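Here's a structure for you.
Rule-based calculations on the coordinates, nothing more; no lab input. Keep in mind it's a predicted model, so treat the numbers as computed, not measured. In this analysis, Cβ positions are derived from the backbone assuming ideal geometry, glycine residues included, and neighbour counts consider all displayed protein chains.
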Amino acid sequence: MRKYKFEKTTCSQCGKSFGPGDSGYSHCEDHAQVKKETRGIRLPLWMWDWLDGQDDARGVIVEDAIKKVHKPEQSK
Ligand SMILES: [Zn+2]
């Protein structure tokens, strides 16, 4: 697991905060890259809206959610 310098990064242009990272963003076009990383995932529109309202980056939330659901050792 990677260790990041900051627990939370922010964009100085729009003030939005993002997930862990080594540096924040100076311009919105910089964190536009973050969104592109998760573009391959198909999610319901309501979920995208919900993700937009969260503090953490979409990728971080989605990854966390998948980990919670797919617990290898969990059995019924
Ligand atoms: Zn921004």
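Cut-off 19 Å, label point 7 angstrom out along Cα-to-Cβ of K68: give me the residues of the range 13-31 whose amide nitrogen falls inside.
18-20
Still on this structure, please answer the following. Report the full-extension gain for the segment H27 to S12: residue separation times 0.36 nm, less the Cα-Cα distance, to one decimal in nm.
So the extension gain works out to 4.7 nm.
What number results when the radius of gyration of the range 6-69, computed over Cα atoms, is divided by 2.2 N^0.38 Å?
Expressed relative to 2.2 N^0.38 Å, the Cα Rg reads 1.11.
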